[in-house]
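J.: There's a structure below that I have some questions on.
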Amino acid sequence: MGNLLIPLVLASLIGGVLTGMLAYGRNRDHVLWTILGAALLGVPLIFLLAFSALCPHCKMPIPRRFHKEHLCPYCDKEF
Ligand SMILES: [Zn+2]
């Protein structure tokens, strides 16, 4: 078990940081996602990838086809 500890801690750190960064980029709760990513060794990253970004103004999930336009279809504001 001692040999497994270091890779586990590394996976937890990397998973947590990557998940947190992605959550931040998508206007989601990055503190919560960092903790989740660290606790579950980056597995939540896969779920986060499947989620769309939230609008910073109205907090609605923005469909993928609107991501390039950077215009929220719900409140017509830029994000
Ligand atoms: Zn919006």
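Just so you know, all these numbers are worked out from the coordinates, no wet-lab data involved. Given the structure is predicted, the values throughout are model-derived calculations rather than measurements. Methodologically, a virtual Cβ is constructed for each residue, glycine included, from the backbone with ideal geometry; neighbour enumeration extends over all protein chains shown.
J.: Between residue 57 and residue 3, what is 0.36 nm times their sequence separation minus the Cα-Cα distance? Round to one decimal in nm.
T.: Result for the pair: 14.8 nm of gain on full extension.
J.: Then there's this: Taking a label point 7 Å from the Cα of residue 24 along the Cα→Cβ vector, which residues of segment 33-59 have an amide N closer than 13 Å to it?
T.: 33-35
J.: How large is the convex hull of the C-alpha atoms of the chain per residue, in Å³?
T.: 73
J.: For the chain, what relative contact order do you get, as a whole percent, if you take Cα pairs closer than 8 Å and at least 6 residues apart?
T.: 23
J.: Among 35, 7, 51, which residue has its Cα furthest toward the positive end of the charge dipole of the chain, with +1 on Lys/Arg Cβ and -1 on Asp/Glu Cβ?
T.: 51
J.: Pick out, in residue order, every one of the trypsin sites (Lys or Arg not before Pro) in segment 46-79 that is DSSP loop and has at most 12 other C-beta atoms within 10 Å; say none if there are none.
T.: Here the trypsin sites (Lys or Arg not before Pro) that fit, given the DSSP loop and packing criteria, are 59, 68, 77.
J.: Put a dot 7 Å past each Cα toward the Cβ at residue 78 and residue 65; how far apart are the dots in nm?
T.: 2.4
J.: With the crude spin-label approximation of a point 7 Å out along Cα→Cβ, what separation in nm comes out for residue 10 versus residue 46?
T.: The two pseudo-label positions are separated by 2.1 nm.
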